[in-house]
1. Evaluate the following for A47: is it among the small types (G, A, S), assigned to a loop (DSSP other than H, G, I, E, B) and modelled with pLDDT under 85?
2. Quick one: which residue in R29, R13 is more than 23 Å from the chain's Cα centre (by Cα) and among the basic types (K, R)?
3. Taking the stated definitions as given, is L27 in contact (Cβ under 8 Å) with a residue 24 or more places away in the chain and under 24 Å from A4 (Cβ atoms)?
4. Looking for something over 27 Å from the mean Cα position of the chain (by Cα), at pLDDT below 85 and not aliphatic (A, V, I, L, M) - is there at least one such residue anywhere in segment 2-9?
5. Name the pairs: first residue in segment 45-57 and in contact (Cβ under 8 Å) with a residue 40 or more places away in the chain and small (G, A, S), second residue surrounded by 10 or more Cβ atoms within 10 Å (Cβ to Cβ) and outside any loop (DSSP other than H, G, I, E, B), Cβ to Cβ under 8 Å, at least 6 apart or on different chains?
6. Looking at (1) among the aliphatic types (A, V, I, L, M); (2) surrounded by 10 or more Cβ atoms within 10 Å (Cβ to Cβ); (3) at pLDDT below 85, find the lone condition where L88 falls short.
Amino acid sequence: MSDAQQGLDKAIRVMKIKVALSEQEELDRELSVLLKWLEPMLTVDTAGTEQVLTSHDALNVVREDHARQGDLAELQEAAPDFAGGFYLVPPIIE
């Protein structure tokens, strides 16, 4: 049994799904094609290459988050609708 077949068998067990033998053979063939396609990329020497975290040079500035006591009446006033101790929001799913 090939490494790919063993990996496929393990994935099927872990996911706890039923896959017919014919479907397993088809998946094995498809995964083999994918791995052959990926082989050239996996052989590229990336030593010394800086990792790319984003596709642009934007800087993510995150402020410190500090808990503070809010005025309940002020918060309720700012809410579009407040009733019975709950903030009422329009439904987003019909």
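The values are calculated or read from the model by the stated rules, or taken from the named source; none is laboratory data. No experiment lies behind these values; they were computed from the predicted model shown. Neighbour counts are summed over all protein chains in view; Cβ atoms, including those assigned to glycine, are modelled from backbone coordinates with ideal geometry.
1. Details: among the small types (G, A, S): yes; assigned to a loop (DSSP other than H, G, I, E, B): yes; modelled with pLDDT under 85: no.
Against the criterion (among the small types (G, A, S), assigned to a loop (DSSP other than H, G, I, E, B) and modelled with pLDDT under 85), A47 does not qualify.
2. R29
3. In short, no.
4. Taking segment 2-9 as the starting set, the residues that turn out to be over 27 Å from the mean Cα position of the chain (by Cα) are 2.
Still in the list and also at pLDDT below 85: 2.
Right, trim to not aliphatic (A, V, I, L, M) and you get 2.
Yes, because at least one residue in segment 2-9 is over 27 Å from the mean Cα position of the chain (by Cα), at pLDDT below 85 and not aliphatic (A, V, I, L, M).
5. So the pair list comes out empty.
6. Every listed condition holds for L88 apart from (3).
Yes or no, residue by residue, for (1) touching an Asp or Glu at 6+ places or on another chain (Cβ under 6 Å); (2) small (G, A, S); (3) surrounded by fewer than 10 Cβ atoms within 10 Å (Cβ to Cβ); (4) at positive phi:
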{"position": "R13", "(1), (2), (3), (4)": "no, no, yes, no"}
{"position": "I17", "(1), (2), (3), (4)": "no, no, yes, no"}
{"position": "E23", "(1), (2), (3), (4)": "no, no, no, no"}
{"position": "W37", "(1), (2), (3), (4)": "no, no, yes, no"}
{"position": "A47", "(1), (2), (3), (4)": "no, yes, yes, no"}
{"position": "L59", "(1), (2), (3), (4)": "no, no, yes, no"}
{"position": "E64", "(1), (2), (3), (4)": "no, no, yes, no"}
